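Following: one structure in structure tokens, then a few remarks.
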Amino acid sequence: MLRPLPYGANYLGWRETPELRQALDNKVLFRYSAPAPSNADQLESYAVERLGAARALAVPNGTQALRVALMGTRPRVGDPVYIPAVTFVAVAGAVLSCGLVPVPVDVDARFGLDASLLPEGAERVVVAHMEGLVAELPEHVPYIIEDTAQAMGGRHEDGRHAGTVGYAGTFSFHHAKILTSGEGGLVVVRDGADWDVLRSYTDHGSAREQGKYPAWNAGAFYGENLCANEAVTAVQLQQFRRLDEILDSLERHYALALETIAARPGITVAAKRSGDVKTSVRLVLDSRELRDLALNRLTEQGLPCWSLDKYLLPDHPVVAGRASLYADGFPWNLADGDDRYRPLSHDGFAATRDRLGRTLCIPLAPELDAEGQRLMAKQIATVLAAL
């Protein structure tokens, strides 16, 4: 039952990608040389309509989306950026690549950033919606970036889409995400003026018009080359059109799994909220030993599962070792001897470390029909019952 491909990869189809065929027929894969509207333009318009954002911008991958969003906040070198202590290391990497310093902040029981730990006057916070769980956002922070790489289609409790409430939201189309084009990213913003800045930054700081050479107007600034690709955005359009189908099937599988995986001593299901994306069933076990036993037994049966231990950033070699390719250790060296950059936790991340060590995630399979999903849930329940 172990899926060979995750989530949206199972929905890729040549017949559903007319934009890709057209791009190949045109023999133009650069967005600003393609006939208007380009595939990238169409993707951004579709994302705005589907997510309820003001503007959207396609970029090469989710990490670059974070970098672009951070640069749009007009930071100062060495500024602290508060990030959740439980997330993929790309968040810390994006912060560092901007010349900023990541400060891990401990998380709550849902592994969302604990806003009560933030210092007064915090300017920049990245909130990661991990494993489809839509985290709560802190108040009174001018620049909140929602990392929605693992929660495409999720909603906050007020109904607004995850990624559209903060200053900016970032999305990923990496192979292992809900929608995929192998790589690819998206930034959404609430303010069209912010979009103008981000769009220029991704094209060498220019205010380019479609089909024309880059233009540097008065007040232009330097930027990077982070333009989206016409072939990749064509695949992303195909994936986006499947999003509701994938989300609905995940909801169905989640409900079937909850019906089948009966409560038993030592294992608790960490329930998801209505707005969370049901990418997995998250189990919390009484001990690390029981968690590891469950992980090994499920793996032996070819059933998909994984732990989240690797996501604890204070223990990650990139963060713990403060390694850098710069000879002077930049930008980590800016934090030397300054308490502003000390990780924030009530107990040195002890409770989080313990909970992570007892957590097991069972990914769900939207590509299966109801009978296949029911069978998979029964197989998992059988293994858990025998522990």
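FYI, it's all coordinate maths here, none of it is from the lab. All of these numbers come straight from a predicted model, not from anything done at the bench. Cβ: placed from backbone, ideal geometry, glycine included. Neighbour counts: every protein chain shown.
For the stretch 171-230, trypsin sites (Lys or Arg not before Pro) meeting the loop criterion (DSSP other than H, G, I, E, B) and having at most 14 other Cβ atoms within 10 Å: Lys212. Ordered by the count of other Cβ atoms within 10 Å of each Cβ, fewest first, Glu16, Glu44, Glu300 give Glu300, Glu16, Glu44.
Simple spin-label estimate for Ala215 and His175 gives 4.2 nm between the two label positions (7 Å along the Cα-to-Cβ direction from each Cα).
Taking a sphere under 14 Å around the Cβ of Thr63 and counting the other residues whose Cβ falls inside, with K and R at +1 and D and E at -1, yields a net charge of -1. Pairs of lysine residues in the chain that meet both criteria, 8 or more places apart or on different chains and Cα atoms under 30 Å apart, total 11. Restricting the stretch 1-108 to trypsin sites (Lys or Arg not before Pro) that sit in a DSSP loop and have at most 14 other Cβ atoms within 10 Å of their own Cβ leaves Lys27, Arg76.
Grouping the Cα pair distances of the stretch 213-279 into 5 Å bins from zero gives a pair-distance distribution of 3, 11, 14, 12, 10, 10, 9, 8, 8, 6, 4, 3, 2, 0 percent in increasing distance order.
For the chain, adding -39500 (n - 2.57) for each run of n ≥ 4 DSSP H residues and dividing by the number of residues yields -9500 deg cm²/dmol at 222 nm. Counting other Cβ atoms within 10 Å as a rough exposure proxy, the listed residues Thr260, Thr87 run Thr260, Thr87 from fewest neighbours to most. Comparing the stretch 152-289 with the 2.2 N^0.38 Å rule of thumb, its C-alpha radius of gyration ratio is 1.43 (two decimals). For an R0 of 22 angstrom, estimate the FRET efficiency from the Cβ-Cβ distance between Glu120 and Asp328 and round to the nearest 0.05. The calculated FRET efficiency here is 0.10.
Counted by Cβ distance under 10 Å from Arg199, the other residues give a net charge of -2, where Lys and Arg count +1 and Asp and Glu count -1. Our compactness index for the stretch 218-361, the C-alpha radius of gyration over the empirical 2.2 N^0.38 Å, is 1.49. Compactness of the chain, taken as the C-alpha radius of gyration over 2.2 N^0.38 Å, stands at 1.01. How many percent of Cα pairs in the stretch 185-227 exceed 14 Å? Cα-Cα pairs of the stretch 185-227 separated by over 14 Å account for 47 percent.
For the stretch 119-209, the fraction of C-alpha pairs more than 20 angstrom apart is 41%. Averaging the Cα positions of each part gives two centres, and for the stretch 93-108 and the stretch 200-261 these lie 23 Å apart. Beta bridges from DSSP with both residues in the stretch 78-164: antiparallel share about 15 percent, rounded to the nearest 5.
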